[in-house]
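Q: Attaching a single structure in structure tokens format; questions to follow.
The values are calculated or read from the model by the stated rules, or taken from the named source; none is laboratory data. Since the structure is predicted, the reported quantities are computational estimates derived from the model, not experimental observations. Methodologically, a virtual Cβ is constructed for each residue, glycine included, from the backbone with ideal geometry; neighbour enumeration extends over all protein chains shown. We work out accessible area using only protein heavy atoms, side chains counted, and drop any ligands, DNA or RNA first. Shrake-Rupley method; radii C 1.70, N 1.55, O 1.52, S 1.80 Å.
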Amino acid sequence: MTQAAPTPWPADGAQLLEPSIGYALGVVLAVTPELLSRPTPCPEWDLRMLLRHASESLAAFGEGIEAGRVGLDPAAEDGDLAADPARAFRDRARHLLDAWTSPGHQRQVIEIAGCPLAVSVMAGAAALEVAVHGWDVSRACGQRQPIPRTLATGLLAIAPLLVPRAGRHPLFAAPVTVPATAAPGDQLAAFLGRAPRE
């Protein structure tokens, strides 16, 4: 029995990072201090916890792109993240965007715990994380601003390569069934265990 060839990484996967950050930055503008205690599509997380998690992820992705490696020990939480998680998210998202669009990010490989990872794969993972958490923030704020169709379609192409259907718990819930006619953003949210119509 022959083993199936691995699915190739889409050539344009890394090109999703900039529009993903743009979408998330637009969504986070709606966050006010009064909304930070609201529930999110992520079970047991309020909006403050979600923003803190997303900000920490942004910092790790930025470290990888700037330094060529990601440390396993999280950095100490800064005062901005605790006091104003929405501002910290915006600042870290802009920092990641600056790192990604600067000439210095042209390295091919990033090291995570001694394991090499193609920078294009890391950028795709960052794009998926940022866009989906942007979607979560939009839901928590009551806006329901969809992930733009072109961005969502691109992310749908890489999502199964980054988040397998099996062995994804506890990071992701099981996929949610949506109609085949659902918008790409709803299909993406459903694949990652979110219920788009709730």
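Q: Considering only region 44-52, I want to know if a residue exists there that is exposed (fewer than 14 other Cβ atoms within 10 Å of the Cβ), of a type outside the set (S, T, N, Q), in a helix (DSSP H, G or I) and at pLDDT 95 or above.
A: Checked region 44-52: no residue is exposed (fewer than 14 other Cβ atoms within 10 Å of the Cβ), of a type outside the set (S, T, N, Q), in a helix (DSSP H, G or I) and at pLDDT 95 or above.
Q: If you check Arg168 against the conditions, is it part of a loop (DSSP other than H, G, I, E, B), without any contact (Cβ under 8 Å) to a residue 40 or more places away in the chain and charged (D, E, K, R)?
A: Values: part of a loop (DSSP other than H, G, I, E, B): yes; without any contact (Cβ under 8 Å) to a residue 40 or more places away in the chain: yes; charged (D, E, K, R): yes.
In short, yes.
Q: So how many residues does region 173-198 have that are assigned to a loop (DSSP other than H, G, I, E, B) and either open to solvent by less than 60 Å² (accessible area, probe 1.4 Å) or small (Gly, Ala, Ser) (or both)?
A: Count: 13.
Q: Same structure, new question: If I ask for residues that are surrounded by fewer than 23 Cβ atoms within 10 Å (Cβ to Cβ) and closer than 20 Å to Phe172 by Cβ, which ones from region 93-124 would you list?
A: Answer for region 93-124, where residues must be surrounded by fewer than 23 Cβ atoms within 10 Å (Cβ to Cβ) and closer than 20 Å to Phe172 by Cβ: Ile112, Leu117, Val121, Met122.
Q: Another one. Can you find a residue in region 124-131 that is modelled with pLDDT under 95 and farther than 23 Å from Arg48 by Cα?
A: yes
Q: Looking only at region 68-82, which residues are at pLDDT 85 or above and either part of a loop (DSSP other than H, G, I, E, B) or open to solvent by 50 Å² or more (accessible area, probe 1.4 Å) (or both)?
A: Here is the first cut: in region 68-82, the ones at pLDDT 85 or above are 68-70.
Listed by number, the residues that qualify are Gly68, Arg69.
Q: For region 148-172, which positions are within 21 Å of Met49 (Cβ to Cβ) and open to solvent by 10 Å² or more (accessible area, probe 1.4 Å)?
A: Arg168, His169, Pro170, Leu171, Phe172 - these are the residues of region 148-172 that are within 21 Å of Met49 (Cβ to Cβ) and open to solvent by 10 Å² or more (accessible area, probe 1.4 Å).
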